[in-house]
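The values are calculated or read from the model by the stated rules, or taken from the named source; none is laboratory data. Small disclaimer: the values here were computed from a predicted structure and weren't measured. When we count neighbours, we look across all protein chains shown, and the Cβ atoms used for this are built from the backbone with ideal geometry, even at glycine. Areas reflect the complete protein model, heavy atoms only, side chains present, ligands, DNA and RNA absent. Shrake-Rupley method; radii C 1.70, N 1.55, O 1.52, S 1.80 Å.
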Amino acid sequence: METAHRARDGARRAAPLAVAVGTFGVTFGVLAHTAGIGKLAALVFSVTTFAGSAQFAAAGVLSAGGTAAAAVLAAVLLNGRYLPIGISVAPAIRGGRLERLLRAQLVVDESWAISNLGRGRFDPRLLFGAGLAIYLAWIAGTAIGVFAGGALGKPENLGLDAAFPALFLALLSLRLRDSPRSPLAAVLGGLVALVLIPFVPAGVPIVAASAVCLLGLRR
Amino acid sequence: MSTAWTVVLVVSVATIAIKGAGPVLLGGRELPARVIGVVELLAPALLAALIVVNAFSSGRHLVLDARAAGLGAAGVAIVLRAPLLLVVVVAAAVAAVVRLAT
């Protein structure tokens, strides 16, 4: 019972985000169409990849006339951050190898951030509940975008693109007292990203900023 | 196979592998203390980078737009100890109004 309760708790905490993620899923469905990605391919993309920014990047490269290799590179660079994120949540993902592989797919920025208990620990049930809620919203949104298309307004008109940095700021405010060095890591991480944005492909600033955590190796 | 399907399938396989690597290789075990020290700092570093990228960038361009106003409003709401949902809603509302006005 406790398990189901905590998973529901995760889903509830993720609900406002699931709405925002769903509307971006709609946008992705519409954009995929303009990028020449067919209905089925767009849906398969959201079901198997479940990484919004990477999917947007790949569609963006294709619609700008880029090659398949350029689209793949952009998406993989954007998803590079899921390597350190995956290592950080590894203790919270249990079960056999296949089950761990599948559960790991539900980890996205938002579910990772929501289930962070501080001091490097993650709540497995919050991680699962929040991830599942956001996953279903992403797929449903993509389906609506693919089939109902342009009839809906852009999420930007509702300010929903501002929901993501706001969420991350709120979650950062909870993490600043984990360690005496947490505020320094936040400042450095933000600075690294800010400085790199104009010079490297999208996605690299986030991966580079995550390297700041290596400060933790020093005693 | 079309270009679109090639991209979809290659990115899917790559993402599944990237996301799965940590949990499959290390899953269910406690991380060593030194790694915990690193993971503990991953949260603030990565969250700060996600804030910067999501609020101030558009592709490779640094931009200051309605999202920044939304983020500022979120900051105020957080200082006033507003619950998470309210923080997110306030940010979206302020960004929408600023966008409408500019």
| request: Could you please let me know if A:GLY80 is over 24 Å from A:VAL146 (Cβ atoms) and at pLDDT below 90? | output: yes
| Within segment B:60-72, is there a residue that is open to solvent by less than 20 Å² (accessible area, probe 1.4 Å) and either more than 28 Å from A:GLY120 (Cα to Cα) or of a type in the set (Val, Ile, Thr) (or both)? | yes
| said: Take the conditions buried (at least 17 other Cβ atoms within 10 Å of the Cβ), part of a helix (DSSP H, G or I), at the interface with chain B (Cβ under 7 Å from one of its Cβ atoms) and of a type in the set (Asp, Glu) and apply them to A:ASP161. Does it pass? | reply: yes
| Enumeration of residues in segment A:34-46 that are more than 7 Å from chain B (Cβ to nearest Cβ), open to solvent by 20 Å² or more (accessible area, probe 1.4 Å) and closer than 21 Å to A:VAL108 by Cα | A:LEU43
| note | By my count, helices (runs of 4 or more DSSP H) wholly in segment A:47-122 with at least 1 residues that are surrounded by fewer than 19 Cβ atoms within 10 Å (Cβ to Cβ) are A:52-63, A:68-79, A:82-89, A:97-104
| Test for A:GLY150: is it at pLDDT below 85, surrounded by 17 or more Cβ atoms within 10 Å (Cβ to Cβ) and more than 7 Å from every other protein chain (Cβ to nearest Cβ) | no
| said: Being closer than 24 Å to A:GLY190 by Cβ and either surrounded by fewer than 24 Cβ atoms within 10 Å (Cβ to Cβ) or more than 7 Å from chain A (Cβ to nearest Cβ) (or both) is the requirement here; does B:ILE78 meet it? | reply: yes
| said: Is it the case, given these coordinates, that B:ILE51 is under 17 Å from A:ILE206 (Cβ atoms) and out of contact with any Pro (no Cβ under 6 Å at 6 or more places or on another chain)? | reply: no
| task | Would you point out the residue of segment B:20-35, among those that are open to solvent by less than 30 Å² (accessible area, probe 1.4 Å) and assigned to a loop (DSSP other than H, G, I, E, B), that is farthest from A:GLY120 (Cα to Cα)? | result | B:GLY27
| Residue ID - least open to solvent (accessible area, probe 1.4 Å), chosen from residues in segment A:172-219 that are modelled with pLDDT of 90 or more and assigned to a loop (DSSP other than H, G, I, E, B) | A:ILE197
